[in-house]
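I'd like to ask some things about the structure below.
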Amino acid sequence: MAGATRAPSLARRLILLALAFAVVLLSITGIVLAAVNRTAVERAFDRRLGVYVKLLIADIAGAVDDQQIVVGANLGEPLFELPQSGWYWQIVRTDAGRNEVRTSRSLFDVRLPALGAEALADGPTRSREGYVTGPNNVALRAVERTIELGEDGDFQIMVAGPADDIAAAVREFNITLIAALVLLAAGMAIAAFLQVRVGLAPLQRLVGGLHSVRAGESEHLEGNFPTEIAPLAREVNALIDTNREIVERSRTHVGNLAHALKTPISVIQNEAAGRDDQLAVKVAEQTRIMRDQVNHHLERARVAARARVASTLVPVGEVVEGLARTMEKIHRGRGLSVSAQVPPGLMFRGERNDLEEMVGNLVDNACKWADERVVIVVEREAAETSADRTYFTIAIEDDGPGLTADEREAVGRRGKRLDETKPGSGLGLSIVSELAGLYGGGLSLGEAGIGGLRSTLRLPSV
């Protein structure tokens, strides 16, 4: 039976999708807010520089009428007086080819470069804003404005301040913004995780209910499920009931068939046993084959009926170790050693008789062919998820002659025997393989580490 392809975890996909959406959304939000904040900081800085420009214009207008007025005296900013403070103003007279320059004391004899052509006039005042390089190659934010005073001349006024002040304000805001977005992302991740856990909790209860049914702890899925899952739970319960009815009918048919066939076969066998002619011998031989085949198929049907709703838990160690001791006693005359290694607490989900028959067939076969010892090793198999069935393996090795690859393939065929000198019907390994398959497991043959045949039986556990 082909297994379904395993898909990624639904919870993981939902959480990753929510996180991806949060990262994209918060990244876009952060970029937009950072850009808006930088623009706002630059505009606030430009407004401050624009105030100084207006004050200088007032000084120039006053100086034309009264030469005693000192240009820049009413700015109220001591940094314009401090050398290379980063705060500068500059007035250039541009009319009639004149190039008179007045600057703040902070500039000394240095002149500020004019704004480039990319700095376009903005607003009714026709001011231009942009970045220039000042003394010591320090970046400055500057506001430049040209005024015309008629006969008094044309002037180009520039006021500049350190661009680091803008960068510091932007950087402080960005740090706060990043911290806030990280906290928001963490909150969204936690909210997504809790939402997925709460939203998928009914599915977890459904999986737990199926595990209980499979383990024989309950007969149906119990509890209240959300509207979206309740139809699934009802269908599963209906399927369980239908399966149970089919099993009961199968058991009834198996019993009827057993009674219908065994009696005629026994009569024919008894009639043939009383005669010694060639026909009687042939009839007795074929009758034994018929009886073996009928028992084989009836046993297969009986186990199939039980395996579909296997709810009994059987301690593996008790069965395996008991068989090992029994087989060692039976073959004591040969000095045969039979050892078993079983992890504690391991349980087989099925019928005890079936486990004893499967393991017993394999151990008996190993003892028949072993020279000195038989080793039984039982190991658990780890399931990938809690929803998967768990299995265990029983490896039975002997130090006998073993089998080639072709012989191992042939001996697994139903009724095929390689040596008629050993007792048995030749159906043992076939029965074990079919019983294991009915429980969802299997049987494989290989080379033993101690030299003989290795039979590995895989069965479901709890």
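Quick check on my filter: what residues within region 143-178 are more than 15 Å from Gly86 (Cβ to Cβ) and part of a helix (DSSP H, G or I)?
Gly150, Glu151, Asp152, Val170, Arg171, Glu172, Phe173, Asn174, Ile175, Thr176, Leu177, Ile178
Out of the residues in region 399-423 that are open to solvent by 50 Å² or more (accessible area, probe 1.4 Å), of a type outside the set (D, E, K, R) and over 45 Å from the mean Cα position of the chain (by Cα), which is modelled with the highest pLDDT?
By that ranking, first place goes to Pro401.
For region 252-262, state whether one or more residues are at pLDDT 80 or above and either in a helix (DSSP H, G or I) or surrounded by 15 or more Cβ atoms within 10 Å (Cβ to Cβ) (or both). First the steps, then the outcome.
Initially, region 252-262 is screened for residues at pLDDT 80 or above, giving none.
Checked against the condition, which is being at pLDDT 80 or above and either in a helix (DSSP H, G or I) or surrounded by 15 or more Cβ atoms within 10 Å (Cβ to Cβ) (or both), region 252-262 yields no hits at all.
Is it the case that some residue within region 349-364 is among the charged types (D, E, K, R), in a helix (DSSP H, G or I) and loosely packed, with under 15 Cβ neighbours inside 10 Å?
yes
Run Leu184 past the list (1) of a type in the set (A, V, I, L, M); (2) more than 30 Å from Glu100 (Cα to Cα); (3) open to solvent by less than 50 Å² (accessible area, probe 1.4 Å) and report the number of the one that doesn't hold.
Only one criterion in (1) of a type in the set (A, V, I, L, M); (2) more than 30 Å from Glu100 (Cα to Cα); (3) open to solvent by less than 50 Å² (accessible area, probe 1.4 Å) is unmet by Leu184, namely (3).
If you don't mind, there's one more thing I want to ask. Would you pick out the residues in region 143-178 that are open to solvent by less than 70 Å² (accessible area, probe 1.4 Å), within 25 Å of Ser106 (Cα to Cα) and of a type in the set (S, T, N, Q)?
Gln156
Separate question: From the list Leu194, Leu140, Leu181, which one is over 30 Å from Val110 (Cα atoms) and either touching a residue at least 24 places away in the same chain (Cβ under 8 Å) or not in a helix (DSSP H, G or I) (or both)?
Testing whether each residue is over 30 Å from Val110 (Cα atoms) and either touching a residue at least 24 places away in the same chain (Cβ under 8 Å) or not in a helix (DSSP H, G or I) (or both) leaves just Leu181.
Another question, then. Considering (1) over 37 Å from the mean Cα position of the chain (by Cα); (2) at pLDDT 90 or above, say which one Asp354 fails and leave the rest.
Going through (1) over 37 Å from the mean Cα position of the chain (by Cα); (2) at pLDDT 90 or above one by one, Asp354 breaks only (2).
Within region 47-54, is even one residue under 21 Å from Asn137 (Cα atoms), crowded, with 18+ Cβ neighbours inside 10 Å, under 60 Å from the mean Cα position of the chain (by Cα) and at pLDDT below 90?
Scanning region 47-54, I find no residue that is under 21 Å from Asn137 (Cα atoms), crowded, with 18+ Cβ neighbours inside 10 Å, under 60 Å from the mean Cα position of the chain (by Cα) and at pLDDT below 90, so the answer is no.
In the set Ala340, Ala395, which member is among the aliphatic types (A, V, I, L, M) and under 30 Å from Leu210 (Cα atoms)?
Ala395
Right, next: Inside region 298-344, can you point out the residues that are in a loop (DSSP other than H, G, I, E, B), at pLDDT 90 or above and surrounded by fewer than 18 Cβ atoms within 10 Å (Cβ to Cβ)?
Pro343, Pro344, listed by residue number.
Between a residue in region 7-34 that is farther than 30 Å from Gln204 by Cα and open to solvent by 60 Å² or more (accessible area, probe 1.4 Å) and any residue that is part of a helix (DSSP H, G or I) and aliphatic (A, V, I, L, M), which pairs come within a Cβ distance under 7 Å, given they are 6 or more apart or on different chains?
Within 7 Å, the pairs are Leu33/Leu177.
Next question. Would you point out which residue out of Glu222, Glu245 is charged (D, E, K, R), free of Cβ contacts under 8 Å to residues at least 24 places away in the same chain and either touching a Cys at 6+ places or on another chain (Cβ under 7 Å) or not in a helix (DSSP H, G or I) (or both)? Step through it out loud before you land on a result.
On the way: Glu245 fails: either touching a Cys at 6+ places or on another chain (Cβ under 7 Å) or not in a helix (DSSP H, G or I) (or both).
Result: Glu222 is the single residue among Glu222, Glu245 that is charged (D, E, K, R), free of Cβ contacts under 8 Å to residues at least 24 places away in the same chain and either touching a Cys at 6+ places or on another chain (Cβ under 7 Å) or not in a helix (DSSP H, G or I) (or both).
The values are calculated or read from the model by the stated rules, or taken from the named source; none is laboratory data. Being a predicted model, the structure only gives us computed values, none of them experimental. No Cβ is skipped: glycine too gets one built from the backbone with ideal geometry, and neighbour counts run over all protein chains shown. Heads up: the accessible areas ignore ligands, DNA and RNA and are worked out on the full protein's heavy atoms, side chains in. Shrake-Rupley method; radii C 1.70, N 1.55, O 1.52, S 1.80 Å.
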